[in-house]
Structures are given as structure tokens and as C-alpha cells.
1. Between residue 102 and residues 5 or more places away or on another chain, which pairs have amide H atoms under 5 Å apart, with H built 1.01 Å from N, and which residues are they?
2. Go through 22-30, 142-150 and give me the packing order, highest mean Cβ count within 10 Å leading.
3. If amide hydrogens are placed 1.01 Å from N in the peptide plane, which non-local residues have theirs closer than 5 Å to the one on residue 113?
4. How fast does segment 102-168 diffuse by Stokes-Einstein, in µm²/s, taking the Kirkwood radius from C-alpha pairs at 10 °C and 1.306 mPa s?
5. How large is ³J(HN,Hα) for each residue in segment 137-144, as worked out from phi by the Karplus curve 6.51 cos²θ - 1.76 cosθ + 1.60 (θ = phi - 60°), to whole Hz, x for Gly and Pro?
6. Would you list 164, 66 from fewest to most Cβ contacts within 10 Å?
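Just so you know, all these numbers are worked out from the coordinates, no wet-lab data involved. Worth saying up front: this structure is predicted, and the values here are computed from it rather than measured. Virtual Cβ from ideal backbone geometry, glycine too; neighbours counted across all protein chains shown.
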Amino acid sequence: MEWSFSDGAQTHHVSLQRQGNIFHVQLGEARYIARLLEYRAPRMTLLLDDHVVIESSVAWHNGTCTLHLHNVPHEICLVADHASSRSWDSVRPSGARPSTNEIRAPLPGRIVDILVAAGDQITAGQPVCIIEAMKMQNEIPAPCSGTVATVCVTPGTAVEQQTTLIILL
């Protein structure tokens, strides 16, 4: 995924590729490796180059992004989005398909309840969370059996269709 964005003073070019919980980031000429330690939408904790912990969250509104780094807001304006989505959740190499170990929202809505936790063993068809859409509550079943690695959302979180809800081992 590639972006160009302006922080008001200058335009920056960013290239981002995801491999599991590892992000390969190129910002201008600088290259970084970021490891996703925790993701609870919209907040992320990243380990940058194996020694700097970054607490962040991102909120988009009409092409403008508020990036919070350690609770300090930074306003940036998107100049060009060279991919189909601005969601951190969907950052992946061009042409790659979603991982089969991700349970994704089948419809947009609001998370009402999470029925599993990290470390839980689940079976195919077992309800893992409840999404409310158009005043109806929908149980989201696990597509396969496995162990819950990460729960990526919390009750009250608004999700778009295909947002990653849970990652399985």
C-alpha cells in the first residue's frame, strides 16, 4: 500500500507492506520494521526496529487523518491514496488475499459483545462475537476451529464490512 500525505509543511511518501504482525515501512528514503504488539481498533501498539514502542491511533475524516502518537494528535492530509482502502486493518501487499486465520465482519455495524478471548480454543461454527446492524443483532460464527490469537475489536467499536475482528493461530 502506498500513500502520499502532507503534514502542512511538506509532502511525504509512504510505502507499507504487511506480513502477519510485521510491517515493512518506507518513509521517503528511510526504512523501518514495525511489529504489531497489540491492536484494539482504533489503537495500536507497535515495536519499531525492535527497540522503540509506539502507542498510536488513527481517525480518518474526509481525506484528513488525525494520527495520535503517544496521545499527541498530529493532523495530516492525504494527498494520494494508491490503494483501495485507508484502513490500517487492510494493509497488505498488493494483490494479496485476506488471511484465512482472520475472522472478518460480514457486514458493517457496531460490536455488541465479544464471546471469546485470546487463548480460547474455538470450533467451527461457534459464535465469537455479536454485531448490531440496522437494529438487529447478528452472531458471527468462527469459519474454522483454532486458537484465538488476538481479539482486534471491543464492544462499542463501529466496524466496516471485512474489518478483521479476531485473528486465529
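1. Here 168 satisfy the definition.
2. Answer by packing, highest mean first, reads 142-150, 22-30.
3. When sequence neighbours closer than 5 places are left aside, the close amide H contacts are 130.
4. The Stokes-Einstein estimate is 138 µm²/s.
5. Karplus values, whole Hz, x for Gly and Pro: 9, 10, 6, 9, x, 6, x, 7.
6. 66, 164
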